[in-house]
Amino acid sequence: MIEDRAVELHKKYGGKIQVIPKVPIKSLEDFSIWYTPGVASPCRLISSDKELSFELTSRWNLVAVVSDGSRVLGLGNIGPYAGYPVIEGKCLLFKFLGGVDAVPITLAAQDADKIIETVRLISPSFGGINLEDIESPKCFQILETLQKSLEIPVWHDDQQGTSLVVLAALINALKIVGKKLEEARITIIGSGAAGMATARLLMKAGVSGRNMLIVDSKGILSSSRSDMEKLSAANPWKAELARMTNPENIEGGAEDALKDSDVLIALSVPKPGTVKKEWIRKMAGDPVVFALANPLPEIWPDDAKAGGARIVATGRSDFPNQVNNSLAFPSVFRGVLTVRSRAITDELCIEGARSLALYAENKGLNENSILPTMDDYMAYVEVAQSIAKKAIELNLARRKYSDNELYDAIHSTIAYQRVLMRNMIKSGLAGQYQPNT
C-alpha cells in the first residue's frame, strides 16, 4: 500500500528536504569570506540600502511556505504538527520543479491577526510568501492584508494556484469544444477558498458574471438569498460573489444550477456521487466537467462521460487531464523571484494561465490532454518566463532582463535541479544520508 510505503520512507529519511551550501568550501580560509571578517562588508552595504539584500543574500530565491494546518487537503483541521509533512512536500516541489529554495513554517496559532503579524515579522528573510492549507474565509483576509503591507510576492496556493490552473485548463477545453470563454455558462460547486478564487479570476479573465452560478452547501448563491445579511457579516468575499453572479436569482441546488451549463467546475467534497451523471445530462451540448476534489473526485470520470461529458478533468494523476496547482506555483515563483518582483497580481496569474494553456496547445490538444504534465520541465520554463516578462512590463520588477537573459536565467536554474538530482542518484549520494536508520 502506498500509505504504508510513505510512512516507511518518511521515517527512513527523516523528512524530505535539507539545507546544503551553494558556495565552495575548500579550506578554512574560505570562511573568512563567507563569515567573519568578510561578511561585515555586505552587512554594511545592506545597512545603507535594504534592497541590496536581494542581491547579496539568498533572500531573493527563498520562499516561506506558511500554514496553520487548519485546512489540510483531504484531512481538515489537523494542526501545525500533522500538517508539516504536506508543507515540507510543497518545499520539495518548489525546489525540484522551479529551482526555488523554500522553508516550511507551520504556526501554532490559527488566529488571522496572529498569522498576519508573524508573517510580517519574518518577511525580511524571504523573497516571497506562499500561504498554504489555511481555512476559509480567514485565508482571504490574511492574503489581502499581507499583499497590501509587504513589498514581496504573497500567494495563497489554494486560491491563486488552483484558479490559475483551472483557467488554463478551461481555455483549452473550450477551444476543443468550440465555445468562447466570454460566452460560456459556468457552474462552480464549492465556495471555499479554491472555488471563490476561481470564480473571481475567471471573471477577471473575461467570463461574464451573468453566466456564472456558484453553489455552496445551502444552494445557489444570489443577492436575493435569505441569508445575505448574515453572509455579508460572516464572509463578505462570498457575499460579494453572490452580488456579482446569478442576476436572474436562480434558486435551487447543484442539479438546478447545472441545467444548460457549458462547464462544471467542482471544488467541493471528495466523494464520488456528490455530482451525479444524471445531472451532467442536463448540461448543454459537449459539456466540460472538472471534478477537482482530492483525493477523490466528486464524480468518477467514467460516470461523467456516461452522462455525456465531452471533456473530463480531475485533480488526480491516474486519470487524464490532471488539474493540479503544482503546474503553477513553481513557475510563478520562479518568474517573480528571478526579477525580484514586489507582488503577484491577478494580471500575473492570468498571464500565467494563458502561457500554460498556450504551451499545451503548441504541444497538441485533444480531449484527454488539455494541460502539460508535471514531468514536462519546459512548461515551467515557459510559464516562468512569461510571468517574469509581465512583472517587468507592469513595473513590479526590481531587476530588468532582456528576453534572452531572462530565458537563460530561468532555464539554467530549473534545469540545474534536474541535473543535480540525476548526478546525485547516479553517484549514489541521493538518499545516502539516512539519520533515522
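With at pLDDT 95 or above, within 30 Å of residue 92 (Cα to Cα), over 20 Å from the mean Cα position of the chain (by Cα) and of a type in the set (Lys, Arg) as the only criterion, which of 59, 44 stands out?
59
Okay, residues lined up against (1) touching a Ser or Thr at 6+ places or on another chain (Cβ under 6 Å); (2) part of a helix (DSSP H, G or I); (3) farther than 26 Å from residue 216 by Cβ; (4) not assigned by TED's automatic domain parsing to the domain that holds residue 64:
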position: 122; (1), (2), (3), (4): no, yes, yes, no
position: 141; (1), (2), (3), (4): no, yes, no, no
position: 175; (1), (2), (3), (4): no, yes, yes, yes
position: 182; (1), (2), (3), (4): no, no, no, yes
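Could we say that residue 260 is modelled with pLDDT of 95 or more, more than 30 Å from residue 369 (Cβ to Cβ), among the acidic types (Asp, Glu) and more than 27 Å from the chain's Cα centre (by Cα) here?
For residue 260, the condition - modelled with pLDDT of 95 or more, more than 30 Å from residue 369 (Cβ to Cβ), among the acidic types (Asp, Glu) and more than 27 Å from the chain's Cα centre (by Cα) - is not met.
Considering 163, 123, which residue is in contact with a Cys (Cβ under 9 Å, 6 or more places away or on another chain), hydroxyl-bearing (Ser, Thr, Tyr) and at pLDDT 95 or above?
Going through 163, 123 in turn, just one is in contact with a Cys (Cβ under 9 Å, 6 or more places away or on another chain), hydroxyl-bearing (Ser, Thr, Tyr) and at pLDDT 95 or above: 163.
For residue 343, indicate whether it is closer than 30 Å to residue 145 by Cα, part of a loop (DSSP other than H, G, I, E, B), over 14 Å from the mean Cα position of the chain (by Cα) and among the hydrophobic types (A, V, I, L, M, F, W, C).
yes
What helices (runs of 4 or more DSSP H) completely inside the range 1-56 contain at least 2 residues that are surrounded by 11 or more Cβ atoms within 10 Å (Cβ to Cβ) and in contact with a Lys or Arg (Cβ under 6 Å, 6 or more places away or on another chain)?
Once the helices (runs of 4 or more DSSP H) in the range 1-56 are filtered for at least 2 residues that are surrounded by 11 or more Cβ atoms within 10 Å (Cβ to Cβ) and in contact with a Lys or Arg (Cβ under 6 Å, 6 or more places away or on another chain), what remains is 53-56.
Among the residues of the range 101-110, is there at least one that is among the hydroxyl-bearing types (Ser, Thr, Tyr) and outside any helix (DSSP H, G or I)? Working first, answer last.
Step one: list which residues in the range 101-110 are among the hydroxyl-bearing types (Ser, Thr, Tyr), which gives 106.
So of that shortlist, the ones also outside any helix (DSSP H, G or I) come out as 106.
So far as the range 101-110 goes, yes, one or more of its residues are among the hydroxyl-bearing types (Ser, Thr, Tyr) and outside any helix (DSSP H, G or I).
Of all residues in the range 103-118, which are of a type outside the set (Ser, Thr, Tyr) and in contact with a strand residue (DSSP E or B) (Cβ under 6 Å, 6 or more places away or on another chain)? Let's see the steps before the verdict.
Pass one, the range 103-118, residues of a type outside the set (Ser, Thr, Tyr): 103-105, 107-117.
Those that are of a type outside the set (Ser, Thr, Tyr) and in contact with a strand residue (DSSP E or B) (Cβ under 6 Å, 6 or more places away or on another chain): 103, 104, 105.
Let me confirm something: among 134, 152, 129, which residue is part of a loop (DSSP other than H, G, I, E, B), within 23 Å of residue 397 (Cβ to Cβ), modelled with pLDDT of 95 or more and aliphatic (A, V, I, L, M)?
Residue meeting the stated conditions: 152.
Condition first: surrounded by fewer than 16 Cβ atoms within 10 Å (Cβ to Cβ) and either closer than 20 Å to residue 203 by Cβ or in contact with a helix residue (DSSP H, G or I) (Cβ under 9 Å, 6 or more places away or on another chain) (or both). Now tell me which residues in the range 260-271 satisfy that.
Result: 260, single match.
Go over the candidates 274, 245 one by one and state the one that is polar (S, T, N, Q), out of contact with any Lys or Arg (no Cβ under 7 Å at 6 or more places or on another chain), within 26 Å of residue 75 (Cα to Cα) and crowded, with 18+ Cβ neighbours inside 10 Å.
274
Scan (1) closer than 25 Å to residue 161 by Cβ; (2) in the same structural domain as residue 139 (by TED's automatic domain parsing) for the single condition residue 41 breaks and write down its number.
All conditions are met except number (1).
Search the range 399-432 for residues being aromatic (Phe, Trp, Tyr) and assigned to a helix (DSSP H, G or I), and hand back the single one that is surrounded by the fewest Cβ atoms within 10 Å (Cβ to Cβ). Spell out the reasoning first.
The initial filter retains those residues of the range 399-432 that are aromatic (Phe, Trp, Tyr), namely 401, 407, 416.
Okay, now just the ones that are also assigned to a helix (DSSP H, G or I), so 407, 416.
On the way: 407: 17, 416: 11.
Across the range 399-432, the extreme among qualifying residues is 416.
Return yes when residue 110 is surrounded by fewer than 21 Cβ atoms within 10 Å (Cβ to Cβ) and either touching a Phe, Trp or Tyr at 6+ places or on another chain (Cβ under 9 Å) or polar (S, T, N, Q) (or both) and no when it is not.
Considered against the rule, which asks whether it is surrounded by fewer than 21 Cβ atoms within 10 Å (Cβ to Cβ) and either touching a Phe, Trp or Tyr at 6+ places or on another chain (Cβ under 9 Å) or polar (S, T, N, Q) (or both), residue 110 comes out as yes.
For the range 184-204, which residues satisfy the criterion of being in a loop (DSSP other than H, G, I, E, B) and closer than 18 Å to residue 261 by Cβ? Reasoning before the result, please.
The initial filter retains those residues of the range 184-204 that are in a loop (DSSP other than H, G, I, E, B), namely 184-185, 190-192.
Matches in the range 184-204: 184, 185, 190, 191.
Checking the structure you have, find out if any residue of the range 294-310 is over 26 Å from residue 178 (Cβ atoms) and without any contact (Cβ under 8 Å) to a residue 24 or more places away in the chain.
no
Filter the range 283-303 down to the residues that are of a type in the set (D, E, K, R) and assigned to a loop (DSSP other than H, G, I, E, B), then identify the one that is surrounded by the fewest Cβ atoms within 10 Å (Cβ to Cβ).
286
The values are calculated or read from the model by the stated rules, or taken from the named source; none is laboratory data. All values reported here derive from a predicted model rather than from experimental measurement. When we count neighbours, we look across all protein chains shown, and the Cβ atoms used for this are built from the backbone with ideal geometry, even at glycine.
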